[in-house]
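**Q** I am attaching a structure below and will ask some questions about it afterwards.
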Amino acid sequence: GSDGNVGNVIRAEDKANFAALIQEFRSQLNAYGSSVGRQHLLTAFLPAASAEVDAGIAGSIFNNLDFATVQGYDFYGSWEPQTNHQSQLFSPAANPNPNKFSVDSAVNKLISIGAPANKIVVGVPA
């Protein structure tokens, strides 16, 4: 996965703790919703990179999310040594980058860990 900002503390239990946080958040939202007579959605913005999903996203979070938006853009950019598609549905066979990022691979990765397809929203560049 990605360590994010310099100084971030990355621990083996982060994935399980994130799932527990989502579960507790859902529980508290449901309780609050009951007290005010309204339902509230719980959503998440998730990474597209397979390694980042493996490092931090448990499929069980989808039991508590109404939907999740997967990043469908910024696959490549100015940080890369060569020009590439910023947002692509499929990775072309001639893609010179070893990371074959695409909307297709991102969505299929989430489905492979247990995400129902009807809870996946693809973020698009605007």
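**Q** Could you check, for the range 83-105, whether at least one of its residues is more than 28 Å from LEU41 (Cβ to Cβ), buried (at least 18 other Cβ atoms within 10 Å of the Cβ), of a type in the set (Ser, Thr, Tyr) and in contact with an Asp or Glu (Cβ under 8 Å, 6 or more places away or on another chain)?
**A** yes
**Q** Exactly one condition in (1) part of a helix (DSSP H, G or I); (2) touching a residue at least 40 places away in the same chain (Cβ under 8 Å); (3) over 19 Å from PRO125 (Cβ atoms) is not met by TYR32; state its number.
**A** Status for TYR32: all satisfied but (2).
**Q** Which members of the range 1-29 meet the condition of being part of a loop (DSSP other than H, G, I, E, B) and of a type in the set (Gly, Ala, Ser)?
**A** GLY1, SER2, GLY4, GLY7, ALA12, listed by residue number.
**Q** Turning to a different aspect of this structure: Out of all the residues in the range 61-82, which are aliphatic (A, V, I, L, M) and either touching an Asp or Glu at 6+ places or on another chain (Cβ under 9 Å) or assigned to a loop (DSSP other than H, G, I, E, B) (or both)?
**A** Passing the criteria: only LEU65.
**Q** Could I ask something else about it? Could you run through the range 83-113 and say how many residues are assigned to a helix (DSSP H, G or I) and either in contact with a Cys (Cβ under 6 Å, 6 or more places away or on another chain) or among the polar types (S, T, N, Q) (or both)?
**A** 3
**Q** Does the range 35-56 hold any residues that are within 20 Å of LEU110 (Cα to Cα), assigned to a loop (DSSP other than H, G, I, E, B) and at pLDDT 95 or above, and which are they?
**A** Correct list: LEU41, LEU42.
The values are calculated or read from the model by the stated rules, or taken from the named source; none is laboratory data. This is a predicted model, so every value here is computed, not measured. For neighbour counting, all protein chains shown are included, and Cβ atoms are generated from backbone atoms with ideal geometry for every residue, glycine included.
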